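Here is the structure we will look at.
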Amino acid sequence: MSLLLLMVGLPGAGKSTRAEKLATAHRALRLTPDEWMLTLFGELEVDRKRDLLEGRLIALALRALRLGTPVVLDFGLWSRDERSALRWLAAAAGATCQVVYLPVDPGVQRARIAHRQATAPHTTVPMSEADLETWRRLFQAPDLAELGGADIPGPPPGWPGWREWAADRWGLRLE
Ligand SMILES: Nc1ncnc2c1ncn2[C@@H]1O[C@H](COP(=O)(O)OP(=O)(O)O)[C@@H](O)[C@H]1O
Ligand SMILES: [Mg+2]
């Protein structure tokens, strides 16, 4: 069975740094949308482009998993629904899935973002204190059940399944 690793955490938590190490350790394909967005657009969000880019990377990840290649999705995945959908899609592709959560307290986060801005400005964009506060409010930390790989909850009311939810969220075509 192939392995899908989901990197979860706020900006500056250390996800991409850890994702590189995990990709080496597991000989996994690492998919980091920030690299693609900055290369293509010079920004991390443009209209709905990031959603659609992530959708393409998810489709690519599922193909790799079916071919037996482990994958590290370095997305951040702030919402529990996004993580549940990806866990479900991994299972449907015959893969195992592990959530890798990197908590970070505000002081350390600020220091790491400043360090990255100073040492590798081409890999990031400036982030304000107000951004960090807003993002922290939006972030849904995984609980122990989710980290332990507990049963995947059902999709939000009104959705027939996670496949349909994911298709809408990331502009995927149903396969
Ligand atoms: N465990 C760590 N200890 C100290 N610094 C770290 C650690 N992990 C990452 N960093 C540094 O913090 C900054 C942000 O890390 P990064 O992996 O880009 O975070 P993210 O991908 O979560 O936004 C980078 O400058 C990185 O070198
Ligand atoms: Mg990153």
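Listing for the model above:
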item: In sequence order, calculated HN-Hα J values of region 38-55 (Karplus, 6.51, -1.76, 1.60; Hz; x Gly/Pro); result: 5, 5, 7, 10, x, 9, 8, 9, 9, 6, 9, 4, 5, 4, 5, 4, 4, x
item: Computed [θ] at 222 nm, deg cm²/dmol, the chain (DSSP H ≥ 4; -39,500 (n - 2.57); rounded to nearest 500); result: -15500 deg cm²/dmol
item: Apportionment of accessible area to carbon and sulfur, the chain, percent (1.4 Å); result: 55
item: Cα long-axis angle, helix 80-92 against the chain (0 to 90 degrees, to the nearest 10); result: 40
item: Region 83-150, relative contact order in percent, only Cα pairs under 8 angstrom and at least six apart counted; result: 39
item: Relative contact order for region 1-88, counting Cα pairs under 8 Å that sit 6 or more residues apart, in percent; result: 51
item: Spatial separation of Cα centroids for region 1-33 and region 137-156, in angstrom; result: 18
item: Accessible solvent surface per residue of the chain, calculated while the other protein chains remain in place, 1.4 angstrom probe, Å²; result: 54
item: Relative contact order, percent, the chain [alpha-carbon distance under 8 Å, six or more residues apart]; result: 34
item: HN-Hα J in Hz across region 138-154 - Karplus 6.51, -1.76, 1.60, θ = phi - 60°, x for Gly and Pro; result: 7, 5, 9, 5, x, 8, 5, 4, 5, 5, x, x, 4, 3, 7, x, x
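The values are calculated or read from the model by the stated rules, or taken from the named source; none is laboratory data. Owing to the predicted nature of the structure, the values given are computational and were not obtained by experimental measurement. Ligands, DNA and RNA are stripped out before the accessible areas are found, and what is left, the full protein with its side chains, is counted by its heavy atoms. Shrake-Rupley method; radii C 1.70, N 1.55, O 1.52, S 1.80 Å.
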